[in-house]
Amino acid sequence: MTVGGLVTANPVWVGSSELTITRDGLITCIDAGTGAEVAKSVNESAAARHQLDIADYAFVSGDGRVRPAGSARLGDGLLNRSGLAQVDLDDWLAVLAAGVEHGAARGCPVIGSIALGDPGAAARMGHALAGVVPAVELNIGAPHGREARAVRQLTEADSVRDAVRVVRAAVDVPLFVKLPGQASDVVGLVGRYPGFLPDLDGGAVLGSWGAWGSPGCLPMSLYWISKTRTALGPGVPLVGTNGARTTTDVLRFLASGARAVEVVTALWIDGPAVLAELVAGVDAYLDAHDVDLDGFVGSALAGARDYSDILPIQPPAWLPYTARWSRSSGR
C-alpha cells in the first residue's frame, strides 16, 4: 500500500515513542510486523534532549486508579511526560540507517521525526534525515510543547503553514505533518491531548502536567479524521493517532478516512506481538467482507449525515431517560 508516496507493508504503524528510540527497538518493531514505524523525535535543542531524563508514565484505569508498574491493561489511559532521542545527529543518522536497511527487506519504511523547535533548524535536520530515511515526520503538535520550552506546539493555521513551508523546502522525500489535538481549526491529524490528574493527596500524578492518550480519545480522533477526509477528499493521505489499541479501533480509523494508523500504547502494554495480531485482524476483516483496503478507507462517511438531514426520531430518544428520572424522583 502507498501513503503519501511512501510504500508500506500494511496500514498498522508504530508511532514515535521510546519504543523506537534505539536500533534494537526499531528492529524489534519491524520484525513484529509493523507496516511502517516512526522513529523517536529529535530536534536541535540540548534542553529537549535532557527532557528524556525526566520522562515518566502513569497508566490510569477507567475508574481513575493509577496502576502499579507492570499491571497496565489495554483499556487504561496513559498520562506521560515524554522526551526526545538523546543522541547527536550523526549518531542518530547511523541508528536510522540501520533501521532502514533492516526494514527494506521486509517492506517496512522507517520514518524520521522532528519535534519542532526553530523552523530553520528543523529544516536543516529534515534535510539531513532525508538523506537516510524515505520519509520525514514534522511533529508540530507535541502536547509537551505547552510545558517544555524546547519544543513548540503550533495551534494556529498561519503558523503551521509557515513552519511547514520552511521544512518542506529543505526535504525532498514525503513529509508527514503531525498536528495537535487542540487548535483553533483542526483539519488534520489529531495527536494526544494535554492532561493533568490530581492524586488527591496534595499533589499530581507524575508531579506535573503531561500528555494524555486513551481509548476514550478515540471518538474525538475519529471526528477530526472523518471531518478532514470530508473536507479534503481521498487524495490527501491521513494517518490516524490517539486511541487505537485493538483491531476494531484500527478498523474504525480506516473507515473514518485514515490510510494508516499509528499504535504505541498497545505495545507498551502487550508487547510487540500485538502488531501481528492487529495486522492479521485487519486482513481477516477485509477478507471476510470481500473489500480491499482502498475501498474500505473512508467507507463510514457514506452513512454519516449532517444534523439538518436527519429526520425526527419517534418516539423521542430522550423519553426513556426522563421517564426513569421522574420515577426515581417520586414524580
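When the chain is fully extended, how far beyond the present Cα-Cα distance does Leu293 get from Asp172, taking 0.36 nm per residue of separation?
40.8 nm
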Using a Förster distance of 45 angstrom, determine the FRET efficiency expected from the C-beta separation of Ser308 and Tyr57, and round it to 0.05. 0.55
How would you order 194-201, 98-105, 291-298 from highest to lowest mean count of nearby Cβ atoms within 10 Å? 98-105, 291-298, 194-201
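Quick test of the membrane-span-like rule: which DSSP H helices of the chain reach at least 18 Å along their long axis (C-alpha atoms) with mean Kyte hydropathy at least -0.5?
89-104, 218-232, 273-288
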Between Val14 and residues 5 or more places away or on another chain, the pairs with built amide H atoms under 5 Å apart involve Gly35, Ala36, Glu37, Val38, Val263
How big is the charge dipole of the chain about its Cα centre, in debye rounded to the nearest 20, if each Lys and Arg gets +1 on its Cβ and each Asp and Glu gets -1 on its Cβ? 1020 debye
How much net charge surrounds Ala300 when only other residues with a Cβ under 13 Å from its Cβ are counted (Lys, Arg +1; Asp, Glu -1)? +4
Rounded to the nearest 5, what % of the DSSP beta bridges within the chain are antiparallel ones? 45 percent
Put +1 on the Cβ of each Lys and Arg and -1 on the Cβ of each Asp and Glu in segment 30-113; which of Ala32, Leu96, Ser61 then has its Cα farthest toward the positive end of the dipole? Ser61
Relative contact order of the chain, please, whole-number percent, based on alpha carbon pairs below 8 angstrom and at least 6 residues apart. 17 percent
Per-residue ³J(HN,Hα) for segment 58-63, Karplus 6.51 cos²θ - 1.76 cosθ + 1.60, θ = phi - 60°, Hz, x for Gly and Pro: 9, 8, 10, 6, x, 9
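Would segment 1-74 count as rounded, prolate or oblate if I go by the C-alpha gyration tensor, calling it rounded below 1.5 in a/c and otherwise prolate when a/b exceeds b/c, oblate otherwise?
In terms of gyration-tensor shape, oblate.
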Using 0.36 nm per residue, how much length does the chain from Thr322 to Arg65 gain when fully extended, once their Cα-Cα distance is taken away? 89.4 nm
Calculate the FRET efficiency for Glu101 and Ala46 from the Cβ-Cβ distance with a Förster distance of 25 Å, rounded to the nearest 0.05. 0.30
Fully extended, how many nm does the chain gain between Leu89 and Val236 (0.36 nm per residue separation, minus their Cα-Cα distance)? 49.8 nm
Once amide H atoms are built 1.01 Å from N in the peptide plane, which residues 5 or more positions from Tyr193, or in another chain, come under 5 Å H to H? Trp212
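No value in this document is a laboratory result; all are computed from the given coordinates. Since this is a predicted model, take the numbers as computed values, not measurements. Heads up, the Cβs are rebuilt from the backbone with ideal geometry, glycines too, and the neighbour counts pull from every protein chain shown.
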